[in-house]
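Chemist: Encoded as structure tokens, here's the structure I'll be asking about.
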């Protein structure tokens, strides 16, 4: 346990209704509906909600506030900055903790979940005590919360690191002090903020620059930038993963069966068969990254392959597959960029072909693509046409339809998109995908409700 006076000293705050002798376990939380009994409540100001209004009832040992309130607290000038300072100090005290940092334009959350599953599923006691939050906690708020969930019995912390500006990942890496850093791929996500893939690559390489001395850089070979990121860090061990045949951790004999990848996992120790239970060929790269990390942490090839084969997605709306009334639904609505769109569309087309049905894609806007947004949306539409997608429903996003695609449909809103639900019949495969802000998971839920209602009505006839 840690005293309030220690916390105040670290964050540069002032005790309020505290003597300084009170104790906390050091964990941070920001949702007053899910308090941590001995934790520290972060009173954050949002667009619609101010955490200061809930500080008194939030629970926990005390709060971090920017203004006085009728509750025990430490008053600071900026709660978010104070959370970062505290998390950095807290992590520095856990000297036996191995932090695995993950970045890349896509696949961070799935890779994080895969690594955590493999570590937690092994019988070796040394691999127990793994912290990896469900969801995408990859920023200045999520990382401090993740780090402070660790304690002296935690062996591994698996953390995502995202960026919207140069310097973001370096700041997170300085906080987390990763022993292992994973860069998946440089793509076009957040192209609008960064301006070019070259600048995106610089941002992702900040994780490699932030790896602890003598640590491990695990780099994908799926683009021209990532394999070179450790060239200036001669103190690091470098492990590559990919599918070109030159990597230390690689996949061979990749086959797609009912939308799921089957492959041979090859490591310096041998090879094992892997059968993924998450749809899409693009998840082979995520699986290889997870294999590289856990290989380096000392797991056997068999333990790694077993973990990958038994893995199922924990975080929501990422290639979630369900079959209702004979219709295969792929809910990949958590986020979208051109590369992940391509992967999801490939899977949809393949599944529809295998099932002998038609393929439908309800696609919303891909955000943060900058000046190239028009071109990239049209290219996704053209790619869908090349794959033979039967019906693309562009939800509030007509740029997908700028090519010559006469059978495709435009919907001005999510509500108007529902008009096309009736086109779908048993045997068909339907994809829902867009950037997070579009909320396309609600349209997917409406579609499921439509199918169940239609099935009920047909049963009464």
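A short reminder: the numbers here are calculations on the coordinates, not readings from a lab. Since the structure is predicted, the reported quantities are computational estimates derived from the model, not experimental observations. Glycine also receives a Cβ, built like all others from the backbone with ideal geometry; neighbour counts cover every protein chain displayed.
Chemist: What FRET efficiency, computed as 1/(1 + (r/R0)^6) with R0 = 25 Å and r the Cβ-Cβ distance, is obtained for residue 271 and residue 121, rounded to the nearest 0.05?
Modeler: Values: r = 20 Å, r/R0 = 0.80.
After rounding, the FRET efficiency stands at 0.80.
Chemist: Suppose a student asked you for the relative contact order of the range 326-461, using Cα pairs under 8 Å spaced at least 6 residues apart; what percent would you report?
Modeler: In percent, rounded to a whole number, it is 38.
Chemist: What angle do you read, to the nearest 10 degrees and between 0 and 90, between the alpha-carbon axis of helix 373-387 and the longest principal axis of the chain?
Modeler: Between helix and principal axis, roughly 50 degrees.
Chemist: What whole number of Å gives the distance from the Cα centroid of the range 41-78 to the Cα centroid of the range 353-376?
Modeler: Here the answer is 42 Å between Cα centres.
Chemist: Over the chain, what relative contact order in percent results from Cα pairs under 8 Å that are six or more residues apart?
Modeler: It comes to 11 percent, rounded to a whole number.
Chemist: Which percentage, to the nearest 5, of the DSSP beta bridges contained in the chain is antiparallel?
Modeler: The antiparallel fraction comes to roughly 35 percent.
Chemist: What is the spin-label model distance, in nm, from residue 68 to residue 302 if the labels are put 7 Å beyond Cα along the C-beta direction?
Modeler: That separation, rounded to one decimal, is 6.6 nm.
Chemist: Could you work out how far helix 197-209 tilts from the main Cα principal axis of the chain, as a 0 to 90 degree angle to the nearest 10?
Modeler: Taking the Cα atoms of the chain, the angle to 197-209 is about 40 degrees.
Chemist: In which sequence would 318, 67, 358 go, from the one with the fewest C-beta neighbours within 10 Å to the one with the most?
Modeler: So the residues, fewest neighbours to most, are 67, 358, 318.
Chemist: Take the Cα radius of gyration of the range 94-310 and divide it by 2.2 N^0.38 Å, with N its residue count; two decimals is plenty.
Modeler: On the way: Rg = 16.0 Å, N = 217, 2.2 N^0.38 = 17.0 Å.
Cα-based Rg divided by the globular estimate yields 0.94.
Chemist: Give me the mean projected area, in nm² to one decimal, of the convex hull enclosing the Cα positions of the range 1-111.
Modeler: On the way: hull surface 33.4 nm².
Averaging across all directions leaves 8.3 nm² for the Cα convex hull.
Chemist: Per the Kirkwood treatment, what hydrodynamic radius in Å, one decimal, follows for the chain from the mean inverse distance over all distinct Cα pairs?
Modeler: So the Kirkwood estimate lands at 23.5 Å.
Chemist: On full extension of the chain, what length is gained from residue 253 through residue 93, given 0.36 nm per residue of separation minus the C-alpha to C-alpha distance?
Modeler: 53.1 nm
Chemist: Another question, if that's okay. Once fully extended, how much extra length lies between residue 3 and residue 134, figured as 0.36 nm per residue of separation less the alpha-carbon to alpha-carbon distance?
Modeler: Contour length minus Cα-Cα distance gives 44.2 nm.
Chemist: I need the per residue convex hull volume for the range 320-460, using only the alpha carbons, in cubic angstrom as a whole number.
Modeler: 94
Chemist: Rounded to the nearest 10 degrees, what's the angle between the helix 108-121 long axis and the longest principal axis of the chain, both from Cα atoms, 0 to 90?
Modeler: The angle comes out near 70 degrees.
Chemist: In nm, give the distance between the simple-model label positions of residue 342 and residue 78, each being 7 Å from the Cα along the Cα-to-Cβ direction.
Modeler: 3.8
Chemist: Taking neighbour Cβ counts within 10 Å as the exposure measure, how do 99, 199, 14, 76 sort from fewest upward?
Modeler: Least to most surrounded, the residues fall as 14, 199, 76, 99.
Chemist: Ratio of Rg to Rh for the range 184-273, alpha carbon only, Kirkwood?
Modeler: Reported Rg/Rh, Kirkwood definition of Rh: 1.04.
Chemist: Okay, next question. So, R0 is 51 Å and r is the distance between the beta-carbons of residue 353 and residue 19; what FRET efficiency does that work out to, to 0.05?
Modeler: Computed FRET efficiency for residue 353 and residue 19 comes out at 0.15.
Chemist: Just subtract the alpha-carbon distance of residue 48 and residue 151 from 0.36 nm times their residue separation and send over the number in nm, one decimal. Please list the in-between numbers first.
Modeler: Details: separation 103, 0.36 × 103 = 37.08 nm, distance 3.33 nm.
Stretched fully, the residue 48-residue 151 segment lengthens by 33.8 nm.
Chemist: For the residues 393, 284, 145, what sequence is obtained by ranking on other C-beta atoms within 10 Å, fewest first?
Modeler: Neighbour counts put them in this order, fewest first: 145, 284, 393.
Chemist: Run through the DSSP bridge list for the range 2-79 and note the antiparallel percent, rounded to the nearest 5.
Modeler: 45
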